[in-house]
Amino acid sequence: MKILAIETSCDDTSIAITDNYEVIAMKIHSQIEEHQKFGGIVPELASRLHSETIFSLINITLLDADVEFKDIDAIAVTQGPGLTNALQVGITVAKTLSHMLNKPLYGINHLEAHAYSAFINTIPSIEEAIVLIASGGHTILALKKGSDLKVIGETKDDSVGEAFDKVAKIFGLPYPGGPIIDEIYNKYPGIKPFPVPIPKMNNLNFSYSGMKSFLLNNSKKPNINKHSLIRGFQESAINQLLLNTEKAIKSYNINNIIIGGGVTANSFLRKKLSSKSEWNVFMPKKLYTNDNAAMIAYLCFLKIQNKKQDLNNLKFDANPRMKLGN
Ligand code: KG4
Ligand code: ZN
């Protein structure tokens, strides 16, 4: 079964074509350079750039896959969460394709797609797991039982990716902050990480706004080593994710861990998780950590197989605040 998927929830336009579990082609057009001029995402610009790019990206992806429209069996599109108008560009194009080609249309939850991105190109094998989604918009721990995902912890303020982006801004580094902070972390292995306090939470929730303020206050101090502060931030931000994941593993007595989302590209996180031989960790390939349409097509195929979802109508709309578990 061939699925054409569209992802336009934020600042990446992405198209993918999958055949059952396998990705046959995927293209991502990043808008980062355009948004960098403004120091962050400008929603109005994002939707305008999606409409500019989407049709040529669909054509390039079809060419790359050596597939024609007549070979496509279903259309998948990100329904939410994300920026309303950006989502609507993808949904309108998806509805049009579905209508013209007379093929079913499926609306896919972006967060759920991140939760399955570790399995792309394979048959997902595990029933029970603790799932960590760490991205620019979300920081969530969820309990997976079969195809059900239940949120068991989430951030009470900023997401971890947002914290990376805001801390980068404090030091005049470009958006998105995660990759550049990670690069600086690895470039200066000899510089001792500054001790950045991790907030104490009694449950499985996260908090990142205090860490960001700590960085802001300390960045203004004279003679402060900026690389030490940045290194300390990366370790504490990631350690907070790991501490809660470990708590969840203990309280639910499950040692399968699935991760997904832009922040799971982080080298310190991946290294720490790889060293946990007692945990059974499923990580997405780096290519599938950031927003991409392959994860949308892949989850759509799993849903069709499980007969779990049928949004085979042209009436559904963007759901900018879509939750995990809906
Ligand atoms: O999943 P994603 O592409 O978009 C959302 O759904 O939000 O995540 C983007 C986020 C940004 O905040 C970016 O700074 C962060 O992922 N990110 C990283 C790294 N690469 C991207 N954060 C930490 N370390 C990285 N290597
Ligand atoms: Zn995402």
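The values are calculated or read from the model by the stated rules, or taken from the named source; none is laboratory data. These numbers were taken from a predicted model, which means no experiment stands behind them. Ideal geometry is used to build each Cβ from the backbone, glycine not excepted, and the neighbour counts take in all protein chains shown.
Looking at segment 200-216, is at least one residue in contact (Cβ under 8 Å) with a residue 60 or more places away in the chain, within 16 Å of ligand 1 (Cβ to nearest atom) and under 22 Å from the mean Cα position of the chain (by Cα)?
Yes, the conditions are met somewhere in segment 200-216.
Just to be sure I understand, how many residues within segment 274-300 are surrounded by fewer than 24 Cβ atoms within 10 Å (Cβ to Cβ) and away from ligand 1 (no atom under 13 Å from the Cβ)?
10
Looking at segment 120-139, I want the residues that are closer than 17 Å to GLU246 by Cβ and have a partner that is among the charged types (D, E, K, R) and away from ligand 2 (no atom under 16 Å from the Cβ) with Cβ atoms under 9 Å, at least 6 apart or on another chain. Which pairs are those?
Close Cβ pairs (under 9 Å, with a partner that is among the charged types (D, E, K, R) and away from ligand 2 (no atom under 16 Å from the Cβ)) amount to GLU128/LYS144; GLU128/LYS145; ALA129/LYS144; ALA129/LYS145; ILE130/LYS144; VAL131/LYS144.
What is the number of the single condition among (1) buried (at least 22 other Cβ atoms within 10 Å of the Cβ); (2) away from ligand 2 (no atom under 16 Å from the Cβ) that ILE258 does not meet?
(2)
Tell me the residue from ILE238, ILE230, ILE257 that is under 28 Å from ILE181 (Cα atoms) and either outside any helix (DSSP H, G or I) or touching a Cys at 6+ places or on another chain (Cβ under 8 Å) (or both), please.
ILE257
Is it the case that ILE296 is within 15 Å of the chain's Cα centre (by Cα) and in a helix (DSSP H, G or I)?
yes
Can you name every residue in segment 1-32 that is within 19 Å of the chain's Cα centre (by Cα), surrounded by fewer than 20 Cβ atoms within 10 Å (Cβ to Cβ) and not in a strand (DSSP E or B)?
ILE32
Here's the yes/no breakdown for (1) crowded, with 20+ Cβ neighbours inside 10 Å; (2) of a type in the set (D, E, K, R):
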{"site": "HIS114", "(1), (2)": "yes, no"}
{"site": "ILE123", "(1), (2)": "no, no"}
{"site": "GLU154", "(1), (2)": "no, yes"}
{"site": "PRO174", "(1), (2)": "no, no"}
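List pairs: first residue in segment 155-168 and away from ligand 2 (no atom under 16 Å from the Cβ), second residue among the hydroxyl-bearing types (Ser, Thr, Tyr) anywhere in the structure, Cβ distance under 6 angstrom, at least six positions apart or on different chains.
Cβ pairs passing all conditions: LYS156/SER207; ASP157/SER207; ASP157/SER209.
Give the residue, chosen from SER135, SER159, SER228, SER147, that is at pLDDT 95 or above, surrounded by fewer than 19 Cβ atoms within 10 Å (Cβ to Cβ) and on the phi < 0 side of the Ramachandran plot.
Details: SER135 fails: surrounded by fewer than 19 Cβ atoms within 10 Å (Cβ to Cβ); SER159 fails: surrounded by fewer than 19 Cβ atoms within 10 Å (Cβ to Cβ); SER147 fails: at pLDDT 95 or above.
One residue alone meets the criteria, SER228.
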